[in-house]
1. Just a yes or no: is a residue in segment 135-146 within 13 Å of the ligand (Cβ to nearest atom), within 20 Å of LEU50 (Cα to Cα), in contact (Cβ under 8 Å) with a residue 12 or more places away in the chain and not in a strand (DSSP E or B)?
2. Those residues that are assigned to a loop (DSSP other than H, G, I, E, B) and in contact with an Asp or Glu (Cβ under 9 Å, 6 or more places away or on another chain), I need them from segment 109-134; list them, please.
3. I'd like the full set of residues that are surrounded by fewer than 21 Cβ atoms within 10 Å (Cβ to Cβ) and in contact (Cβ under 8 Å) with a residue 12 or more places away in the chain, limited to segment 35-54.
4. Report yes if some residue within segment 7-26 is in a helix (DSSP H, G or I), of a type outside the set (A, V, I, L, M) and touching a Ser or Thr at 6+ places or on another chain (Cβ under 9 Å); otherwise report no.
5. Would you mention how many residues in segment 100-134 are small (Gly, Ala, Ser) and within 16 Å of the ligand (Cβ to nearest atom)?
6. Would you point out the residue of segment 85-144, among those that are within 18 Å of TYR161 (Cα to Cα) and polar (S, T, N, Q), that is surrounded by the most Cβ atoms within 10 Å (Cβ to Cβ)?
7. Return the residues of segment 51-80 that are under 26 Å from LYS2 (Cβ atoms) and among the hydrophobic types (A, V, I, L, M, F, W, C); say none if nothing qualifies.
8. How do the pairs read when you match residues in segment 83-107 that are among the aliphatic types (A, V, I, L, M) with residues anywhere that are within 12 Å of the ligand (Cβ to nearest atom), using Cβ under 6 Å and keeping only pairs 6 or more apart or on different chains?
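Just so it is clear, none of the values below were taken in a lab; they were calculated from the coordinates. Bear in mind the structure is a predicted one, so any value in this text is a computation, not a measurement. A quick note on method: Cβ atoms are made from the backbone with ideal geometry, for glycine too, and the neighbour counts reach across all protein chains shown.
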Amino acid sequence: MKIPVLYYHKIDFPKKNAVYKGLYVTPKQFKRQMALLKILGYSAIKPEDLISFIKGHKLSVKKPVLITFDDGYENNFTNAYPILKSLGFTSLIFISTGFIGKKKSVPDERESAPEDFLDKNEIRSMYDGGFSIGSHGISHYYLDKLDESVLIDELTFSKAYLENLLNTDINFFSYPFGAYNANVIRAVKKAGYSGAFTTAKGKVGAGGNPYELKRIAVNGYNTIFNFLYKIIFLQ
Ligand SMILES: [Zn+2]
């Protein structure tokens, strides 16, 4: 058995001037996808469960799925959170701390449609509601291109910021742009994270490297059949 880890960015209608329209999954599409998971008997797990599975422990649920979001867009709270909550699903939100509370900003310079980002209260509400929060760095840099000192700051300060905000340990990281190398992994471990998520496509099997966790991107162009294929057949 392998576990699908889904990743999303924006749950919203695509902005007309957006360069990366695929990053928008509409609330209707998202609701349909989550409802399908529910009907098929999937249970949304926490990242700690995924790590436990990798290390060879048996999970208590039959069909686990981990639902993740990158960047920390405000629409994760306004649009995705109510849908997930209504179905009894949890998820893991990766936040670039430098964008917290920002309005009309972009984590990727190539994108021309700005977005609003989660503020502190929204992050706290989701955490209090049973969601997990992870770090996506501070400034959404390509970590494999950074000087050592900046790399360490990105990993440690973002972690400390979220730990201070939520009064809990932040143990999971997702690499901005999916960019990492052996040195980045070493630094992520040293910063105290217990796992890190990539953008490499595939499901997570037992015995894998917890710092190179594969995920399955869900984008706005996916039909419900594409989604079903990814969940069931993709390895
Ligand atoms: Zn990102």
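1. yes
2. ASP116, LEU118, ASP119 - these are the residues of segment 109-134 that are assigned to a loop (DSSP other than H, G, I, E, B) and in contact with an Asp or Glu (Cβ under 9 Å, 6 or more places away or on another chain).
3. Result: ALA35, LEU36, LYS38, LEU40, GLY41, TYR42, SER43, LYS46, GLU48, ASP49, ILE51, ILE54.
4. Scanning segment 7-26 turns up no residue that is in a helix (DSSP H, G or I), of a type outside the set (A, V, I, L, M) and touching a Ser or Thr at 6+ places or on another chain (Cβ under 9 Å).
5. Selection size over segment 100-134: 3.
6. Only one residue fits best here, namely SER135.
7. Of everything in segment 51-80, those that are under 26 Å from LYS2 (Cβ atoms) and among the hydrophobic types (A, V, I, L, M, F, W, C) turn out to be ILE51, PHE53, ILE54, LEU59, VAL61, VAL65, LEU66, ILE67, PHE69, ALA80.
8. Taking only residues 6 or more apart or on different chains, the pairs are LEU92/THR68; LEU92/GLY134; ILE93/PHE69; ILE95/GLY72; ILE95/HIS136.
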